[in-house]
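To keep things clear, I will list the structure first and then write my remarks on it.
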Amino acid sequence: TAAGHRPGAPGSFDEVYKGRRIQGRPAAGGHHQHHGGGYAVLIDGVELHVMQNADGSWISVVSHYDPVPTPRAAARAAVDELQGARLLPFPAN
């Protein structure tokens, strides 16, 4: 598919949620691509590690046990969980 974007894959978003800038977009490459299906999520410019489950739901490193339907919902859930705290970068292995 064009630029590696899969049919039915989530589109891009860029919004301010509870005073935090959340962004998401299809991504090519990156060390966590196999988990997130080639999708990048950022909170205030810091990558939020997201993963897509086999059933199509999404989780993040911040809200790992609360699956949501979209990467945008995962970003919003992470902002809620952070309660104003800064998101720290996920360490690369």
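Remarks
- Which listed residue, of ALA27, ALA78, ALA73, is at pLDDT below 95 and surrounded by 12 or more Cβ atoms within 10 Å (Cβ to Cβ): ALA27
- The set of residues in the stretch 54-80 that are without any contact (Cβ under 8 Å) to a residue 24 or more places away in the chain and under 15 Å from ASP44 (Cα atoms) contains only ALA77.
- Yes/no for GLY56 being on the phi > 0 side of the Ramachandran plot and at pLDDT 90 or above: yes
- Of the residues making up the stretch 1-24, those that are open to solvent by 100 Å² or more (accessible area, probe 1.4 Å) and at pLDDT 90 or above are VAL16, LYS18, ARG21.
The values are calculated or read from the model by the stated rules, or taken from the named source; none is laboratory data. Because the structure is a prediction, the values reported are computed rather than measured. Positions of Cβ are backbone-derived with ideal geometry, glycine not excepted, and every protein chain shown enters the neighbour counts. The accessibility values were calculated without ligands, DNA or RNA, using every heavy atom of the protein model including side chains. Shrake-Rupley method; radii C 1.70, N 1.55, O 1.52, S 1.80 Å.
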